[in-house]
Ligand SMILES: Nc1nc2c(ncn2[C@@H]2O[C@H](COP(=O)(O)OP(=O)(O)OP(=O)(O)O)[C@@H](O)[C@H]2O)c(=O)[nH]1
């Protein structure tokens, strides 16, 4: 169970969450409420630090910003990871089942071998022949069981590789802003840290802000606003070479970071 708060604790958080929603004039929609509930519970470190940074930077805390936090820090974790965990459990359970069956088969086989070897007797050819025949039968069933085990292990290995690929994909998609497909601010922070720890000592930053976007949304509606944002993002991305980083830093704010570039080259990208 995700939340294990008592009635009293949940009630206290409800009051805090309502206070937050009221302060930022946010409707108490399910998405807004769950993000704010996580925030006041202090239970999701990445979500909390991002929202804190947004508040500190004086960003507009609106339903768009909250939904973006929800998609990246709650939804992805709940659905994709939930399904993945279920699949991983299935592979682990199947492998365990096969492993314990193989263990049982092997120990039965060893017992039968030991018992058979004791019965082998040079002077009693007939009994010895019967024992050898039985041992041959047992060995043949053991070989079939081993084949089944090897196949099961091969399948488990294939499934594990597929799951690893899905885990990598989920990890990758978590780094991207859902609407625009650009990187988000978490990726920006970790990449800049990485750059600064390496030999890179020059980073060009180009900030892009769409003016009067609120007015635009009011005039044409948020759906058209979303289309514009994603088109602008595509353009921004197309101007950045593989070494650069196109980021959606806020609702209608973008940033391009380019490491180790000349002023002139950065200016050309900015002019585009
Ligand atoms: N359609 C849409 N609108 C968004 C999204 N994220 C933020 N916004 C809106 O973008 C607007 C940004 O408003 P402001 O920060 O005042 O910026 P502005 O209206 O462009 O004002 P200036 O930058 O001063 O010209 C707000 O109305 C937000 O609701 C989004 O994902 N989609």
Quiz item: Scanning for something in a helix (DSSP H, G or I) and under 25 Å from residue 271 (Cβ atoms), does region 206-225 turn up at least one residue?
Solution: yes
Exercise. Considering each residue of region 166-188, count those that are away from the ligand (no atom under 16 Å from the Cβ) and either modelled with pLDDT of 85 or more or not in a helix (DSSP H, G or I) (or both), and give that number.
Key: 3
Exercise. Output the number of the condition that residue 218 fails; it satisfies all remaining conditions of (1) within 25 Å of residue 55 (Cα to Cα); (2) surrounded by 13 or more Cβ atoms within 10 Å (Cβ to Cβ).
Key: (2)
Practice problem: Quick one: in region 55-94, of everything that is away from the ligand (no atom under 15 Å from the Cβ) and under 30 Å from residue 23 (Cβ atoms), which residue is modelled with the highest pLDDT? | Solution: 56
Practice problem: Considering each residue of region 212-227, count those that are more than 7 Å from the ligand (Cβ to nearest atom) and either more than 29 Å from the chain's Cα centre (by Cα) or under 15 Å from residue 250 (Cβ atoms) (or both), and give that number. | Solution: 6
Exercise. Confirm whether residue 158 is in a helix (DSSP H, G or I), out of contact with any helix residue (DSSP H, G or I) (no Cβ under 9 Å at 6 or more places or on another chain), in the same structural domain as residue 90 (by TED's automatic domain parsing) and away from the ligand (no atom under 16 Å from the Cβ).
Key: yes
Quiz item: Taking residue 209 and the conditions (1) surrounded by 11 or more Cβ atoms within 10 Å (Cβ to Cβ); (2) within 28 Å of the chain's Cα centre (by Cα); (3) within 9 Å of the ligand (Cβ to nearest atom), which numbered condition does it fall short on, given that it satisfies the others?
Solution: (2)
Quiz item: Mind checking whether some residue in region 246-264 is on the phi > 0 side of the Ramachandran plot and within 13 Å of the ligand (Cβ to nearest atom)?
Solution: no
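The values are calculated or read from the model by the stated rules, or taken from the named source; none is laboratory data. Only a predicted model underlies this, so the values are computations on that prediction, with no experimental measurement involved. Backbone-built Cβ (ideal geometry, glycine too); neighbour counts: all protein chains shown.
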